[in-house]
1. Once you charge only the Cβ atoms, +1 for Lys and Arg and -1 for Asp and Glu, what is the size of the charge dipole of segment A:4-263 about its Cα centre, to the nearest 20 debye?
2. Find which of B:203, A:263, B:191 sits farthest along the positive direction of the dipole of the protein assembly as shown, computed with +1 on the beta-carbon of Lys and Arg, -1 on that of Asp and Glu, about the Cα centre.
3. Report, by chain and number, residues whose modeled amide H sits under 5 Å from the one on residue B:156, excluding near sequence neighbours (fewer than 5 apart, same chain).
4. Provide the packing ranking of B:252-262, B:65-75, B:214-224, A:125-135, i.e. peptides ordered by the mean count of other C-beta atoms within 10 Å per residue, highest first.
5. Can you give the FRET efficiency to the nearest 0.05 for residue B:37 and residue A:131, using r as the Cβ-Cβ distance and R₀ = 22 Å?
6. Could the peptides B:178-188, B:98-108 be put in order, highest first, of the mean number of other beta-carbon atoms found within 10 Å of their residues?
7. What base-10 log of the normalised intensity I(q)/I(0) is obtained for the protein assembly as shown from the Debye formula, alpha carbons as equal point scatterers, at q = 0.11 Å⁻¹?
8. Find how many whole Å separate the alpha carbon centroid of segment A:83-147 from the alpha carbon centroid of segment A:240-261.
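Read-outs throughout are calculated quantities, based only on the coordinates presented, and are distinct from any laboratory measurement. All values derive from a computational prediction rather than experimental measurement. Every residue, glycine as well, gets a Cβ built from its backbone with ideal geometry; the counts of neighbours run over all protein chains shown.
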Amino acid sequence: MSNETIVNIKKSILHMTHYSKSSHVGTSLSIVDILYVLYYRIMNIDPANPKMPNRDKFILSKGHGSAALYATLAERGFFNKELLDRYYIDYGVLPGHLDMEAVQGIELSTGSLGHGLSVGVGMAIANKLDNNDGKVYVVLGDGECNEGSVWEAVMLAATLRLQNITVIIDYNKLQGFGRTNEIINQENMAERWKAFGWDVIEIDGHNLQQLEKAFNSKAERPKAIIAHTIKGNGISFMADQLDWHYRSPNEDQLVAAIKELEGKL
Amino acid sequence: MRQTFINTLMKRAKEDKRIFVITPDLGFSVLEKFKEECPNQFLNVGIAEQNAVGVAAGLALSGKIVYVYSIIPFVTMRCFEQVRVDTAYINTNVRLVGVGAGLSYGPQWATHHSIEDIAIMRSLPNMTVCCPGDPVEVKNIVEESFKHQGPMYIRLARNGEPVIHSEDRKIAIGQAVKVTEGKDLVILTTSNTLELAVKWVELLRQQGRHCMLISFPTVKPLDLEMLNSVIDLNIPIFTLEEHSVIGGLGSAVSEIIAESGKGVKFKRIALPDKYSHYVGSQQFIREKLGMTFENYFRI
């Protein structure tokens, strides 16, 4: 299942990683469906008023997936799509890891793993204190869940029963050196979050209906959506391949990938 | 110092609801009253310093002025990368408040000593580093912190430091304060050695030497106007601090002197580049590590 907006976001990611010869195309493609549902169907945001006080806030804690967020924000109208041509290059505007000063719409600079959830918890606490009904959404990588600081934040959010924060775990089962569960075994990902006091929903992270339903479901406690995803999703030769954490598509691969995406429309 | 800090903060917090205190479960006997009087502006996040700083950043990004309170190594080094990214790099209004300057925690030993903190914190862009030396300096720095934009590190000693300056003295961030005049030599000090410096100035006076004493409650940004005026006097300059000889006030001053092109006599009095293995009080360890008057000012 794909639609034109999703295809456009994916084409932008491929284009950006191609001309800049940057890595992380696979990790970016992994989260496009999640970002699409959040930015087009779930979050209370206004691209014309990006600092709206009661807005929902999104944090991409796995900041190396920056191309996906830049492409989504540009598609959604937060900034001019021409800026996507200035990613990761000299005289660029968009750095490889997220910089909240670069363009409108980025709530937090990230790049070092294991920071985003703590900051999101701080934002959620502030919203509660201020009677602000804005919600906080944080995407974590599955590999990122190796970081101890993630679990410090998980424990605090559960203790405070923060109902205004949702974590989405991009569970694509690949990290820097190989299979996630062979490096640090997290096969029981859902049980872990449940045991720490979160409401957990496990879904196909590329199924738009399941994503939307999971976001809309009521939760008594902080909510963790375990989104089973595929690194490099949508491009057959990239899908579930560790190589595409690092490689960037050459000219031929770019053409083939775009052809494949357009064929799905 | 701790009481002055919390009392000054509490007074303001009752009027300014943006003020928020986070502790990673430290501050017993110091923070209770604040928690009682401002319950919605206080959170114990548990023994988890990385999360404490991240949560503080999230609150600060939402408009709060957040004080993270702990013992110095835990609020600076345990969570250093959170400090770097989530306070310094993104330039948030987080105040990292560390207690136990230098050897203050004496027999608690090296894990609780702080001999590297000034060096580490002053290397961070955007970070303001304040090391008040008496309760008056603490009060002024805390009051300044309500309006300061950007992250701050505030280095406190513990309790019982005497009042050196007059109670109504106003001190801005970045401003050094002259304590005594003197024509023969000058001591520049910061943080918890201000009291020691006052004693040494008196001992020097008894030797017939008139020592100027200047306190630097802010190490970054350094008061260059005051420092350059001292360099121009062309009298011997000493720095005194309870911090490693590497990277603290002495290093900061030496950088300015070296680039001034003026051949003024200069000596850093600080802790040696090693961890203490001496068991004993702060005073005992100071002496064992050579921070004594006799060591530097023998006639």
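1. Here segment A:4-263 has a charge dipole of around 460 debye.
2. B:203
3. B:98, B:99, B:100, B:101
4. On the way: B:252-262: 14.1, B:65-75: 25.5, B:214-224: 22.6, A:125-135: 18.0.
Highest to lowest by the protection proxy: B:65-75, B:214-224, A:125-135, B:252-262.
5. Numbers: r = 21 Å, r/R0 = 0.97.
Efficiency, from the Cβ-Cβ distance: 0.55.
6. Values: B:178-188: 18.6, B:98-108: 23.1.
Most protected by this proxy first, the peptides run B:98-108, B:178-188.
7. These q points yield log10 I(q)/I(0) values of -0.97.
8. 26
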